[in-house]
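Notes to accompany the following structure.
Every number in this text was worked out from the coordinates using simple rules, so none of it is lab data. Just so it is clear, the structure is predicted and the values come from calculations on it, not from any experiment. Quick reminder, even Gly has a Cβ in these numbers, built from the backbone with ideal geometry, and neighbours come from all protein chains shown.
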Amino acid sequence: MKRINIVALVIAVGILVLSACHSKTYRKEGNIYMPDMHYSVAYDAYTPNPVFPNNQTSRLPVEGTIERGVMLPYHIPEGDSGYAYSGTVQNPLHVTDSILDEGKRLFDIYCAICHGEKLDGNGPLYNGGSGPYIAAPANLISGSKSTLPEGTIFYVATYGIRNMGSYASQLDKRQRWMVVSYINSVQKENGWTQAKADSTLESLENNYSMMQ
């Protein structure tokens, strides 16, 4: 008899628990003792908002905000001092085969027309002096240009120099560094190592004179 009572009690408790779990009122609000927090005023985008001076709900990002996944701004200014200092900037990319492959693809599209697919300065526009461009582009695998620091090459791609224009509108910062990485890899294959920029102004000015 006791066993039957125990079994009946367990069944009854189980039914009560299950009925409580499936109650239609389990989301019913309890007592509200702080209505200002419970009934918060939410403003839709582009609707008037009296909280801000200009009554606009949509707000601009804080000045200096950087989009997630985007590289940090390039703060080196254009000019002689900027060029001289550019050699101190290091390549922020972790260079992999995929980056080099993409760098080569971008180089072939935007740079090889002048500097040549071999980076020897003999692209179709120059073509050994018989092309439509009479000024020989920089040879990136021989001579003084083959040892320019990565940061200096990035600076030139960003602002341009002499007859070479800026490529900042065609290539974003990451893509420019990819191209620099590819150029560096080809230079190393040819036995050249990029110079490390000296901290002295005299050495930086000497780097600048190499491009004149």
So the FRET efficiency between residue 59 and residue 34, C-beta based with R0 = 35 Å and rounded to 0.05, is 0.85
Residue span residue 81 to residue 46: 0.36 nm per residue of separation minus Cα-Cα distance leaves a gain in nm of 8.1 nm
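First measure r as the distance between the Cβ atoms of residue 169 and residue 117, then evaluate 1/(1 + (r/R0)^6) with R0 = 25 Å and state the FRET efficiency to the nearest 0.05.
Calculated transfer efficiency: 0.60.
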The answer for GluC sites (Glu not before Pro) in the stretch 92-167 that fall in a DSSP coil and have at most 15 neighbouring Cβ atoms within 10 Å is 117
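Would you work out if the stretch 47-135 is rounded, prolate or oblate? Take a ≥ b ≥ c from the square roots of the eigenvalues of the alpha-carbon gyration tensor; rounded if a/c is under 1.5, else prolate when a/b is larger than b/c, oblate otherwise.
prolate
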Rounded to the nearest 0.05, FRET efficiency between residue 72 and residue 190 (Cβ-Cβ, R0 41 Å) equals 0.85
